[in-house]
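A short write-up of the structure that comes next.
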Amino acid sequence: MELWQQMIRDSVHSVDQLVEKFGIKRDVASKLDKFFQARVNPYYLSLIREPNDPIWRQCVPDEVELEDIDAPEDPLNEDDMSPVPNITHRYPDRALFLVTSQCGLYCRFCTRKRKVGDSHKISMNTLESAFRYLEQHTEISDVILSGGDPLMLTDAMLEKILVRLREIKHIQVIRLGTKMPCVLPHRITPKLVNMLKKYHPIYINTHFNHPWEITEESKKACGMLVDAGCPVGNQSVLMKGVNDNPETMRQLLKGLLAMRVRPYYIYQADLTKGANHFRTPLSVGLDIMDKLRGHISGLAVPQFVIDAPGGGGKIPMLPNYVISRDDDKIILRNYKYNVYEYPEAADEKKVTDKNAYLRKSKKKKQPVLAEVDAIKNVKIPVLNE
């Protein structure tokens, strides 16, 4: 048995352990266990500094989950977009391939609670129909292995899946959606990365939410993956009490970039049963993005997105940089709230005299630079808070 497997076995998961480790009342712990089981492995448990800190909130069951049940079980409509078991086919050229129900840590904000931890919901016995679907749909060039966490599989089982996928000629890119580099970095071993690099291109989508999760162990794990030729991108979820302020997010994103992990997405929290207490107003995310752009390297600035309810897919959310526009010009503001005028390019379909725009441009003033305090008070339309 490898170290990471032993750590999974040693995780806090039973009602008795929830009572003993976290001081949860037994009747509450029992209800929480039925709602969505716990799994906190010893490594991630060691990152907790005090009760209700950002690490605690992500992994320790909370009674509020039992009051927070109005949201749908399948907010992204994945099941209705599943033509065969284990496959979700939402975007034209990509497919989500669920290969296990197990995770190294059960996140309390999980959007797939209905399946995670239940081997009957994501079964290895139905992989063959998934492979046949991928073989038949030649438009699919990108497959994301998820679950659960695909790195909960043994190296041998994972390799069998990769071999089958590489036999499908139209599949160009394979991605692994895994939290292991963050929540159990001991899973990233020389044996694993040496196996992965036989099946390139392999991309890793991982999931760090707070700078305390960046440790010497996680740096080593991510470094091993990158050194093996696997680009690593990070997807964070914006959560109340975890990372819902600009400074925390800046520290996280700069720390990720320093260990060669490229920030990819910040998600507005999904409308997930038992997790709506994590949601923030959309304006919080927009304010964070406004305080990232221009203040840290563009390499460290991810896309802020809403994964639209009902399966609408990812929709980018941006602060309002365009103040006004007409046929001649666009009025813009930068990260310092300085305002600029940018001349619009002529539309050749509308302009019959090709020199008309040039003549008109000569009469215009040069683009202006001004500090406009009023712009800072412009209200950006957001969803109801």
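The values are calculated or read from the model by the stated rules, or taken from the named source; none is laboratory data. Please read these numbers as outputs of a predicted model, since none were measured by experiment. Here the Cβ positions follow ideal geometry from the backbone for every residue, glycine too, while neighbour counts run over all protein chains shown.
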* Among the residues of segment 157-200, which ones are under 18 Å from residue 2 (Cβ atoms) and acidic (Asp, Glu)? -> 159
* Asked: at negative phi, surrounded by fewer than 15 Cβ atoms within 10 Å (Cβ to Cβ), at pLDDT 95 or above and within 25 Å of the chain's Cα centre (by Cα), is that true of residue 64?
  -> yes
* Asked: Can you tell me which residues in segment 80-95 are surrounded by fewer than 21 Cβ atoms within 10 Å (Cβ to Cβ) and in contact (Cβ under 8 Å) with a residue 12 or more places away in the chain?
  -> 80, 81, 83, 84, 85, 89, 90, 91, 92, 93, 94
* Structure fact -> Expected single match for in the same structural domain as residue 170 (by TED's automatic domain parsing), in a loop (DSSP other than H, G, I, E, B), small (Gly, Ala, Ser) and farther than 21 Å from residue 236 by Cα among 104, 117, 148 is 117
* Identify the residue in segment 23-52 that is aromatic (Phe, Trp, Tyr) and buried (at least 19 other Cβ atoms within 10 Å of the Cβ) and, among all such residues, is nearest to residue 67 (Cα to Cα). => 36
* Structure fact -> The condition of being modelled with pLDDT under 95 and of a type outside the set (S, T, N, Q) holds, among 165, 127, 192, only for 127
* Asked: Would segment 40-62 turn up any residue that is over 19 Å from residue 237 (Cα atoms), among the charged types (D, E, K, R) and in contact with a Leu (Cβ under 9 Å, 6 or more places away or on another chain)?
  -> no
* Structure fact -> Per the filter on segment 27-47, residues without any contact (Cβ under 8 Å) to a residue 60 or more places away in the chain and over 22 Å from residue 113 (Cβ atoms) are 42, 46
* Asked: residue 293 passes all but one of (1) within 23 Å of residue 107 (Cβ to Cβ); (2) in contact (Cβ under 8 Å) with a residue 40 or more places away in the chain; (3) surrounded by fewer than 20 Cβ atoms within 10 Å (Cβ to Cβ); which number fails?
  -> (1)
* Given the conditions (1) within 30 Å of residue 315 (Cα to Cα); (2) free of Cβ contacts under 8 Å to residues at least 24 places away in the same chain, which single one is not true for residue 55? -> (2)
* How do the helices (runs of 4 or more DSSP H) wholly within segment 270-385 filter down when requiring 2 or more residues that are modelled with pLDDT of 55 or more: which remain? -> 282-290
* Residue check: is residue 76 in contact (Cβ under 8 Å) with a residue 60 or more places away in the chain and either at positive phi or over 22 Å from the mean Cα position of the chain (by Cα) (or both)? -> no
* Structure fact -> Scanning segment 111-130 residue by residue, those out of contact with any strand residue (DSSP E or B) (no Cβ under 7 Å at 6 or more places or on another chain) and crowded, with 22+ Cβ neighbours inside 10 Å turn out to be 111, 112, 113, 116
